[in-house]
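Below is one structure, written out as structure tokens, with a few remarks after it.
The values are calculated or read from the model by the stated rules, or taken from the named source; none is laboratory data. Predicted, not measured: the structure shown is a model, and the values here were computed from it. Counting neighbours? That spans all protein chains shown, and the Cβs are built from the backbone with ideal geometry, glycine included. With ligands, DNA and RNA removed, areas are computed over all heavy atoms of the protein, side chains included. Shrake-Rupley method; radii C 1.70, N 1.55, O 1.52, S 1.80 Å.
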Amino acid sequence: MEQSPSGSTVDERIFAYKAAIRAMCEGNYAVEIPNSHHDPMGRLGAELRRLAEYLERQFDEARKLAQVTESVMSGLILDDVLNRVYEAFEDIIPYDRMGYALISDDQQHVTSYWARTKYPEPRLTPGFSAELAGSSLNRILDTGEPRILNDLESYLAEYPDSVATRIMVAEGVRSSLTCPLIAQGKPVGFLFFSSTECYAYRDLHQGIFLRIAAQLSILLEKSRLYQEVIEINQRLECRQRELEEQAMQDPLTGIYNRRGILDLLRLQHSRTLREKLPLSVIMVDVDLFKKINDGHGHQTGDLVLKSVARALSGNLREYNYLGRFGGEEFLIVLGDAGGDTAQMIASRLRTAVSANVVPVDGKALSVTISLGVASIEDASRLLDVEQLITVADEALYEAKRRGRNAFVCRRIG
């Protein structure tokens with residue numbers, strides 16, 4: 001003991017208490033507070049120790065929540081955000097399973113969207129849906145606070161109609177913390193923490209979630225909307241590709257139309273110039289097609305065109321391109337193929353079509369084709385696309401003059 005200037009005795013413990021209080025004011029909660037007798041001053045010291053321990057826990061919790069927030073906030077895609085939540089909360093809330101469910105726009109249903117577990121083969125999987133009206137989840141939304149169920153087997157005995165609880169218990173889950181997600185005043189979903197241990201959750205865990213509930217709810221809802229935008233954009237891009245393909249497709253035969261095959265020829269033409277490769281094209285014409293149309297009708301003519309298109313495409317490699325050039329004419333683009341290869345292909349195509357018959361009125365209608373091949377061996381002498389087609393066209397008409405069901409090849413360079 002020391003004496004004060006007035007002569008009264010001063011308890012030395014008060015100096016240690018003052019130093020501890022100053023340290024705590026500066027954010028240092030790991031302070032030394034001496035144990036002492038159970039006199040009033042000693043009891044004050046004990047209260048200070050409890051305060052320091054409480055502040056240390058609060059500081060540690062705040063630090064962990066800040067880390068959670070920082071980690072989660074860096075995500076954009078919903079699944080990515082949820083996985084970050086799963087990994088970030090591990091140190092502050094116990095769970096063996098975490099799930100996320102969405103409330104429908106009409107607020108009538110809740111549907112499981114995502115789940116992640118520490119055990120294999122979960123049974124409550126994404127897509128599970130239940131009515132919200134009249135359910136215990138709806139009552140959680142009314143309170144706006146997380147709900148703890150620390151003995152799910154007992155809860156199921158009391159509410160045997162709860163399908164979700166029955167599935168969870170079958171998975172081995174024994175306690176749960178259900179957290180409502182409310183973004184800007186609107187209920188948007190639930191976050192479920194589940195443990196295989198009974199009595200895993202305390203009021204402390206409710207409080208931890210509530211401290212960042214608003215931020216987390218808004219972030220998850222923004223991520224969901226962002227993901228919807230991405231999915232809508234992907235569908236639009238897919239639809240655009242479909243429309244582009246349709247714009248390049250012949251509706252009758254399903255192969256490229258004139259525009260499509262010419263675009264591919266121009267691309268191949270550019271590649272041939274750039275890489276000094278050979279290039280061949282084949283112009284195909286159905287023999288006596290007008291006679292077929294006049295004698296059997298346009299419906300039969302369409303059947304013939306489709307049959308010829310199938311026979312041609314079935315005898316081409318996937319890197320060869322076939323298009324309907326117009327009427328009964330077809331154009332084939334053979335990239336990286338010189339005259340010898342083009343002639344072999346032309347011969348194979350002529351044989352394939354002549355061997356194919358079209359059933360008409362119970363009879364077999366034979367069809368033949370004539371082919372004109374234009375091949376460039378020397379890229380330095382490469383003609384433009386129009387000239388190349390003209391050469392192939394001239395070869396085609398030469399084949400017709402020779403009696404049809406034939407092919408003629410013209411080499412350039």
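For a quick check: with amide H placed at 1.01 Å from N, whose amide H comes under 5 Å from residue 337's, ignoring anything fewer than 5 positions away on the same chain?
Result for residue 337 returns 279, 280.
Projecting each Cα onto the charge dipole of region 228-365 (Lys/Arg +1, Asp/Glu -1 at the beta carbon, about the Cα centre), which of 232, 254, 283 comes out farthest on the positive side?
Value: 283.
Which value in deg cm²/dmol, rounded to the nearest 500, describes the helix-derived mean residue ellipticity at 222 nm for the chain, given -39,500 (n - 2.57) per DSSP H run of n ≥ 4 and division by the residue count?
Numbers: 12 runs with 203 residues, N = 413.
When only DSSP H runs of four or more count, the value is -16500 deg cm²/dmol.
Could you tell me what percent of the accessible area of the chain is made up of carbon and sulfur, with a 1.4 Å probe and every protein chain present? Mind showing how you got there, number by number?
Details: 11330 of 22440 Å².
Carbon-and-sulfur percentage of accessible area, whole number: 51.
Please compute the contact order of region 132-217 in relative form: average sequence separation of alpha-carbon pairs under 8 Å and at least six residues apart, divided by the residue count, as a percent. Intermediate values should be presented prior to the final figure.
On the way: 119 pairs, mean separation 26.6, N = 86.
Taking the mean separation of contacting Cα pairs over the length of region 132-217, I get 31 percent.
After finding the eigenvalues of the alpha carbon gyration tensor for region 249-354, what semi-axes result from the square roots of 5 times each, listed largest first in whole Å?
27, 15, 10
If amide H atoms are built 1.01 Å from N in the plane of the peptide, which residues on other chains or at least 5 residues away come under 5 Å of the amide H of residue 183?
So residue 183 has HN proximity to 188.
State the Kirkwood hydrodynamic radius of region 122-258 in Å, one decimal place, computed from all pairs of distinct Cα atoms.
That comes to 18.2 Å for region 122-258.
If I ignore ligands, DNA and RNA and count only protein heavy atoms, how much of residue 151 is accessible to a 1.4 Å probe, in Å² to the nearest 10?
Its heavy atoms expose roughly 40 Å² to the probe.
About the Cα centre of region 312-412, what is the dipole size in debye to 20, counting +1 per Lys and Arg Cβ and -1 per Asp and Glu Cβ, all else neutral?
460
So what is the accessible area of region 262-320 per residue, in Å², with the probe set to 1.4 Å? All intermediate terms of the calculation are to be shown ahead of the outcome.
Numbers: 3170 Å² over 59 residues.
With the other protein chains kept in place, region 262-320 gives 54 Å² per residue.
Can you give the relative contact order of region 279-413 as a percent, counting alpha carbon pairs under 8 Å and 6+ residues apart?
On the way: 253 pairs, mean separation 42.2, N = 135.
Once divided by the residue count of region 279-413, the mean separation gives 31 percent.
Out of 184, 200, 352, whose Cα points farthest toward the positive end of the dipole of the chain (charges: +1 Lys, Arg; -1 Asp, Glu; placed on Cβ)?
Result: 352, furthest along the dipole toward the positive end.
Top mean-square fluctuation among 220, 44, 149, Gaussian network model of the chain, C-alpha springs under 10 Å?
Top of the fluctuation ranking is 44.
Name the lysines eligible as straight-distance cross-link partners of residue 306: C-alpha to C-alpha under 28 Å, and not fewer than 8 places from it in the same chain.
290, 291, 363, 400
Match the structure shown to one of the listed values (i) 4, 15, 15, 9, 8, 11, 13, 10, 5, 3, 3, 2, 1, 0; (ii) 4, 14, 16, 11, 7, 6, 9, 10, 9, 7, 4, 2, 1, 0; (iii) 4, 17, 23, 19, 11, 7, 5, 4, 4, 3, 2, 1, 0 of P(r) over Cα pairs in 10 Å bins from 0, in percent, computed from it, and give that label.
Given (i) 4, 15, 15, 9, 8, 11, 13, 10, 5, 3, 3, 2, 1, 0; (ii) 4, 14, 16, 11, 7, 6, 9, 10, 9, 7, 4, 2, 1, 0; (iii) 4, 17, 23, 19, 11, 7, 5, 4, 4, 3, 2, 1, 0, the structure-derived one carries the label (i).
Using alpha-carbon positions, what is the distance between the centroids of region 91-129 and region 275-312, in Å?
Going from one Cα centre to the other spans 58 Å.
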